[in-house]
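Below: the structure, in structure tokens.
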Amino acid sequence: MTTLPDPVETAAKPRTRDAEATKARILDAAKKEFAKSGMGGARVDVIAEKAKANKRMIYHYFGSKEGLFQTVLENAYVDIRTAEQKLNLDHLEPRDALERLVRFTWAYYLRNPEFITLVNSENLHRAKHLKKSEVVKVYSRKFVSMMDDILSRGVAAGVFRAGIDPVQLNITVAAIGYYYLTNRFTGSIMFERDLMAKDALEERLRFNIDTIMRLVAA
């Protein structure tokens, strides 16, 4: 005897897929709009138009413009933290692990410029959206733990000095790439060189690696 599919279940699956696809389009459009205009300047109707959705659906899924921004911001942080975990640095020698992390951070910023602008926008709002996010805190703790493990292994191997705060080192690794890129336009004028030229970017990466390695060296 042939069992016919449940029509209710069959209808539910396409609706679920459609909903997820709509939310994905909204989030993608929102990320670009927030990165371009910031939380304050972004417009929900523009996001809806680019996502081929309507404002009602945005408010249905995310509650408000601020709720949408918080989700976009959370996804941005989860993305970079997840990518860092996938580097599998615990299998590398401490110096190699740290250099790989510095290289990854620099490359990630270059490939994902919207991450920097989203973070800039959230700082303008004094991180009021991140304060509500438990998921970002969980992922950030994992990142600090990963850096702490690299440092501890380096100290045990005699290649890193003891007493380095993993949080301070995380901030420095981020800062030496972050500042360069957020100030690339003014910096190019001030220092009379194209900071985004291929040779300049390669030189900056070498400088970043050398700076961090000298900082932690035993």
Kindly provide the set of residues from region 2-55 that are within 25 Å of V119 (Cα to Cα), among the small types (G, A, S) and either part of a helix (DSSP H, G or I) or modelled with pLDDT of 95 or more (or both), ordered by number. A24, A29, A30, A35, S37, G38, G40, G41, A48, A51
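Given the condition more than 30 Å from L68 (Cα to Cα) and surrounded by fewer than 18 Cβ atoms within 10 Å (Cβ to Cβ), answer yes or no: does some residue in region 125-141 qualify? Full working, then the answer.
As a first pass, look at region 125-141 and keep what is more than 30 Å from L68 (Cα to Cα): none.
No: zero hits.
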Out of (1) of a type outside the set (G, A, S); (2) over 29 Å from A218 (Cβ atoms); (3) under 14 Å from the mean Cα position of the chain (by Cα), what's the single condition that is false for Y109? (2)
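Scan region 149-160 and give yes if some residue there is surrounded by fewer than 16 Cβ atoms within 10 Å (Cβ to Cβ) and of a type in the set (K, R), otherwise no. Explain how you work it out, then say what you get.
Of the residues in region 149-160, the ones surrounded by fewer than 16 Cβ atoms within 10 Å (Cβ to Cβ) are 149, 152, 156-158.
Retained after the next criterion (residues that are of a type in the set (K, R)): none.
No.
Taking the condition in contact (Cβ under 8 Å) with a residue 24 or more places away in the chain and not small (G, A, S), does N54 pass?
Values: in contact (Cβ under 8 Å) with a residue 24 or more places away in the chain: no; not small (G, A, S): yes.
No, not satisfied.
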I need the full set of residues from region 171-218 which are farther than 19 Å from P113 by Cα and within 23 Å of the chain's Cα centre (by Cα), in order please. R206, F207, I209, T211, I212
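Matching residues to (1) surrounded by 18 or more Cβ atoms within 10 Å (Cβ to Cβ); (2) assigned by TED's automatic domain parsing to the domain that holds R153; (3) over 16 Å from the mean Cα position of the chain (by Cα); (4) closer than 30 Å to E202 by Cα:
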| residue | (1), (2), (3), (4) |
| --- | --- |
| R81 | yes, yes, no, yes |
| L87 | no, yes, no, yes |
| E93 | no, yes, yes, yes |
| A97 | yes, yes, yes, yes |
| F104 | no, yes, no, yes |
Do we find a residue being among the small types (G, A, S) and assigned to a helix (DSSP H, G or I) anywhere in region 56-66? no
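The values are calculated or read from the model by the stated rules, or taken from the named source; none is laboratory data. Given the structure is predicted, the values throughout are model-derived calculations rather than measurements. Backbone-built Cβ (ideal geometry, glycine too); neighbour counts: all protein chains shown.
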